[in-house]
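One structure is given below, encoded as structure tokens.
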Amino acid sequence: MQLYSYFRSSAAYRVRIALNLKGLAYDTTSIHLQKEGGMNRKPEFRAINPHMRVPALKLDSGEVLIQSLAIIDYLDETHPRPPLLPKDLLARATVRAIAQIIACDIHPLNNTGPLRYIKNEFGQEQAKIDAWYHYWIREGFEAIETMIRPGPYACGAEVTLADVCLVPQVANARRFKVPLERFPKIVGVDAACLKLPAFDKARPENQPDAE
Ligand SMILES: N[C@@H](CCC(=O)N[C@@H](CS)C(=O)NCC(=O)O)C(=O)O
């Protein structure tokens, strides 16, 4: 399999973790999101992902999957061990809710495209953009902090999709210097996950295109 990735992309980070948890081998094709106005905007990459974003996963059959949560669902359905969702239906809903707070409510507002847009189109200075960035992480993390169950992982003793989404979002928070003292449970889950090789191997600094 071929993963179109960028070391700093937290959406690609989610897929890297899932691939590693499932023990699936893959090659990385780096799509630099800054160089030359974004290599993701070149026609060669648009032919792979019409939405021009990473991650995209090319399967051995040649089919290409896009959208991190759709890719992770596909991997979980085609390679059920270890499962990324608990059996209990209520627990599954909580796992999905944490994943969606991150993937649907925090990340889209703090993604590179929207940040670029508010800077260039609305002329916002960097301090305002940083405040915006911090605000949406804080707002989402406040909710997630109350949802975390006795661990060591976000939803108990097993790693789930919630952890797969949470660890990359914590990495983004740290990169943008969001204070995390108010979120001891989130910080604890992050530390527990990063002890696992599947998470450690997926870290931005451990990617072939890391700068
Ligand atoms: N909802 C998408 C988000 C994908 C996404 O927006 N990726 C960012 C990097 S984290 C990207 O490729 N941005 C392109 C750009 O900045 O132009 C997913 O979960 O895969």
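Quick check on my filter: what residues within segment 20-36 are farther than 16 Å from D209 by Cβ and either near the ligand (Cβ under 7 Å from one of its atoms) or in contact (Cβ under 8 Å) with a residue 60 or more places away in the chain (or both)?
N20, L21, K22
Does segment 121-141 hold any residues that are under 25 Å from F183 (Cα atoms), over 21 Å from the mean Cα position of the chain (by Cα) and surrounded by 13 or more Cβ atoms within 10 Å (Cβ to Cβ), and which are they?
Selection gives K128 alone.
How many of the residues in segment 31-85 are under 30 Å from A157 (Cβ atoms), surrounded by fewer than 19 Cβ atoms within 10 Å (Cβ to Cβ) and of a type outside the set (A, V, I, L, M)?
Adding up the residues that qualify gives 10.
Look through segment 152-189, keep the residues that are charged (D, E, K, R) and either crowded, with 23+ Cβ neighbours inside 10 Å or part of a loop (DSSP other than H, G, I, E, B) (or both), and return whichever of them is nearest to the chain's Cα centre (by Cα).
D163
Only helices (runs of 4 or more DSSP H) wholly contained in segment 37-111 count here; list those with 1 or more residues that are under 25 Å from V170 (Cα atoms) and touching a residue at least 24 places away in the same chain (Cβ under 8 Å).
Correct list: 68-78, 89-100, 107-110.
Restricting attention to segment 89-99, does a residue exist that is among the hydroxyl-bearing types (S, T, Y), buried (at least 18 other Cβ atoms within 10 Å of the Cβ), more than 10 Å from the ligand (Cβ to nearest atom) and farther than 28 Å from Y117 by Cβ?
Yes, because at least one residue in segment 89-99 is among the hydroxyl-bearing types (S, T, Y), buried (at least 18 other Cβ atoms within 10 Å of the Cβ), more than 10 Å from the ligand (Cβ to nearest atom) and farther than 28 Å from Y117 by Cβ.
Quick note: the coordinates plus some simple rules give every number you see, no bench work behind them. Keep in mind it's a predicted model, so treat the numbers as computed, not measured. So basically every Cβ, Gly included, is an ideal-geometry build from the backbone, and we count neighbours across all protein chains shown.
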